[in-house]
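Below: one structure, written as structure tokens.
The values are calculated or read from the model by the stated rules, or taken from the named source; none is laboratory data. Since we're looking at a predicted model, the values are computed, not measured. Heads up, the Cβs are rebuilt from the backbone with ideal geometry, glycines too, and the neighbour counts pull from every protein chain shown. Surface areas here come from the heavy atoms of the whole protein model, side chains and all, with no ligands, DNA or RNA. Shrake-Rupley method; radii C 1.70, N 1.55, O 1.52, S 1.80 Å.
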Amino acid sequence: MVAKADINVESIRKDFPILQQEVNGRPLVYFDNAASSQKPLQVVQAIEDYYNNFHSNVHRGVHHLSQKATDAYEAARETVKDFINARSIKEVNFTKGTTEGINLVAHSFGRKFIQEGDEIVISTMEHHSNIVPWQMICEERGATLKVIPINEHGELLLDEFDQLLTEKTKLIALVYVSNSLGTINPVEYIIEKAHEIGAKVLLDAAQAAPHQKIDVQELDCDFLALSAHKMMGPTGMGILYGKETLLEQMLPYQGGGEMIKEVTFEKTTYNELPFKFEAGTPNIAGGIALKATIDYIHSIGWDFIEKQEADLLQYATEQISQISGIRIVGTAEKKAGVLSFLLGDHHPYDVGVILDQLGIAVRTGHHCCQPLMNRLGIEGTCRASFAFYNTTEEVDRLIEGIQRAQKMLG
Ligand code: PLP
């Protein structure tokens, strides 16, 4: 590991062997970080170390390996607690990812607190995982789903948001950073307004967590969900933060081992937080690797991560804007490292295939945001999304690739 003062992209890239390969005869340019980012050696080694040296089931064993695995797994929870600045580990629930975290809240909060006639508010730019669970619970409970509109830059219309709030609003579920537009939403404003009328706020931080420090106490959000795999961590691992007072009142999401205190055929009592929401054998390797991920992020430092990604976005935006026929989709004033674009009338898929032939990985399609695409009147976009291990030389390759695609597609 490089010392903090010596942090630079060249040294960081040595931690990511996967980036050092060729694809279709050219050095790989990996710009699909919003879908899933790559993992440093330190994270892969943590998984290897666990399986090679102390794999065992957690929490229940009296023997050495089980205790060692439990200690490592629970140390991860402490690390996450500090990472998001939760008040206690009781507020840190391990999940499979953002999707599961949102479903947990929709199910457990929804069944406890959403009544017929109540309202849940989301926004136009939500990922399907922050739409469908709310549609399901609205249908089940007889509640109504309301949607905050956006302007043509991909920014929330806050005046209209204010109008949407009523005494029936129970929850606002909002994406912190949009995966398809890059918009960083004014979540502080939303949370303040929501709390004025007694509504709760869930933040989908899937795209925020990899790029900026998150402080749940400062934000004062009621729930926050994130996925480890989008922040250099393992797949199948995520966090649901919830305020302890709310989690205490909510019923478990799933039943099974681990989440119980005592079971008889007549009645079951539930385990205390956070285990109440963690039925079954958890993703132990995932938890341990998540700790290694957070340690790695801290070794790089948020200052470096934020600056590198902001510089890449600015440079890429300037360069791509010079290509005739380019339309950038998502031009909000406050943006994270996501550059969605269309090249003339060409289908994003065709552009993506040509870029892949040149060794450049971008994502094409609706990015799990079909209602947003409908609002924008498009089928989808090409999306380049940046991580701190990307370089301006790679952006140059993308620009050349787009120019090449333009020539080939005519
Ligand atoms: N929310 C946003 C904004 C996302 O970008 C994604 C994934 O792309 C998700 C939620 C779902 O994340 P996961 O598939 O890791 O549960």
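Some notes on this structure:
- Accessible area of the chain belonging to carbon and sulfur atoms, whole % at 1.4 Å probe: 50 percent
- Under-5 Å amide H pairs with Val201, H placed in peptide plane, nonlocal only: Ile172, Asp222, Phe223
- The chain - percent relative contact order, Cα under 8 Å, separation 6 or more: 23 percent
- Surface accessible to a 1.4 Å probe, per residue, for the residues of the chain, Å²: 42 Å²
- Residue range of the chain that is longest and free of GluC sites (Glu not before Pro) which are both DSSP loop and sparsely packed (at most 14 other C-beta within 10 Å): 1-115
- Inter-part distance where region 160-207 and region 364-410 are each reduced to a Cα centre, Å: 27 Å
- With K and R counted +1 and D and E -1, the other residues having a Cβ less than 14 Å from that of Gln249 yield a net charge of +2.
- Dipole magnitude for the chain: computed about the Cα centre from +1 point charges on Lys and Arg Cβ and -1 point charges on Asp and Glu Cβ, it is near 740 debye.
- Aspartates and glutamates with Cα under 15 Å of Lys261, excluding same-chain neighbours fewer than 8 positions away: Glu248, Glu272, Glu278
- Taking each DSSP H run with n ≥ 4 as -39500 (n - 2.57) and averaging over every residue of the chain yields -12000 deg cm²/dmol at 222 nm.
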